[in-house]
Amino acid sequence: MNVGIAMEQTKPDRPVEQPWLDSPECGALYDAHSRFVYYLALRMLGDQAQAEDATHDVFLKAFRKLRLFRGEANVRTWLYRITINHCQNCLRKWHNRNILSNADDAVWETAPSPEDSPLRVLEIKELGARIQNTLDTLPEEYRLMLLLLADEQMSYEEIATLTQQTSDAVRGKLHRARKAFAAAFKKTA
Amino acid sequence: MQHKFTKKQISEQQAELRQQTDSEFGSAEDMLRFDAGQVIPPPSIARRLQESLAKEETKPWWRRWFSSDEDL
């Protein structure tokens, strides 16, 4: 009897039957996490169009498997895992094709709000470009850790899980990552 | 001459802004948090997602179930 119950519990959920477009879960998931997924993809890939594609693909994958995830502790961590894997695959493909280019600074810029003053717009756009330039000089591991830490919802333990190392290792590396970021950022002035 | 003077002014303002920015943030993560706060996903992503989901609806469940799981 117990075996039967256990088997029933571990069996994967049935595929989604109702139209996904009408699912409030999908809309809520996108509303709550799309900014964070998009930002991580943008700064990992350094390319606005690729970040848009990545965000689209990440949420499509997440929606397909949303039922499987129900009841888990942290959806954000799950989405970040998909995003990191997706972006790392993209970067690997780019490097293999040797088409990585930093010629177009415009795609790195942060989009300012329409209400901002011209001076503020200039400041925000320049800051976005400098941050991207700085992140691009860092080892991928440092870049990823800093971007995950920038999300206030992420703990050291969750960053450790996502980067597949211990929390102590994350703390040590983040210390070095901050120093490397500060030094590289000064050079962009 | 007037144009050159204006460019010089802009350059000075930019340098001033850079100095302000460097001292404005306490740490790398503070700066990245601010940066993240300025970035909004373009609405085109949600629209494309809607279109993709509509296409998915027409696929049989087993094709949806087994497609593109490499990042999960």
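Could you check the stretch A:159-186 and list, in sequence order, the residues that are touching a residue at least 24 places away in the same chain (Cβ under 8 Å) and open to solvent by 40 Å² or more (accessible area, probe 1.4 Å)? Selection gives A:161, A:173, A:176, A:178.
To keep it simple, each residue is scored yes or no on (1) modelled with pLDDT under 60; (2) under 22 Å from residue B:55 (Cα atoms).
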{"residue": "A:4", "(1), (2)": "yes, no"}
{"residue": "A:17", "(1), (2)": "yes, yes"}
{"residue": "A:70", "(1), (2)": "no, no"}
{"residue": "A:97", "(1), (2)": "no, no"}
{"residue": "A:103", "(1), (2)": "yes, no"}
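Considering the stretch B:23-50, and only residues there that are more than 7 Å from every other protein chain (Cβ to nearest Cβ) and surrounded by 11 or more Cβ atoms within 10 Å (Cβ to Cβ), the residue that is modelled with the lowest pLDDT turns out to be B:24. With respect to the conditions (1) within 26 Å of residue A:152 (Cβ to Cβ); (2) buried (at least 17 other Cβ atoms within 10 Å of the Cβ); (3) modelled with pLDDT of 85 or more, residue A:66 falls short on a single one, namely (3).
The values are calculated or read from the model by the stated rules, or taken from the named source; none is laboratory data. None of the values given here were measured: they were computed from a predicted structure. Counting neighbours? That spans all protein chains shown, and the Cβs are built from the backbone with ideal geometry, glycine included. What goes into the accessible areas is simple: the full protein's heavy atoms, side chains included, and nothing from ligands, DNA or RNA. Shrake-Rupley method; radii C 1.70, N 1.55, O 1.52, S 1.80 Å.
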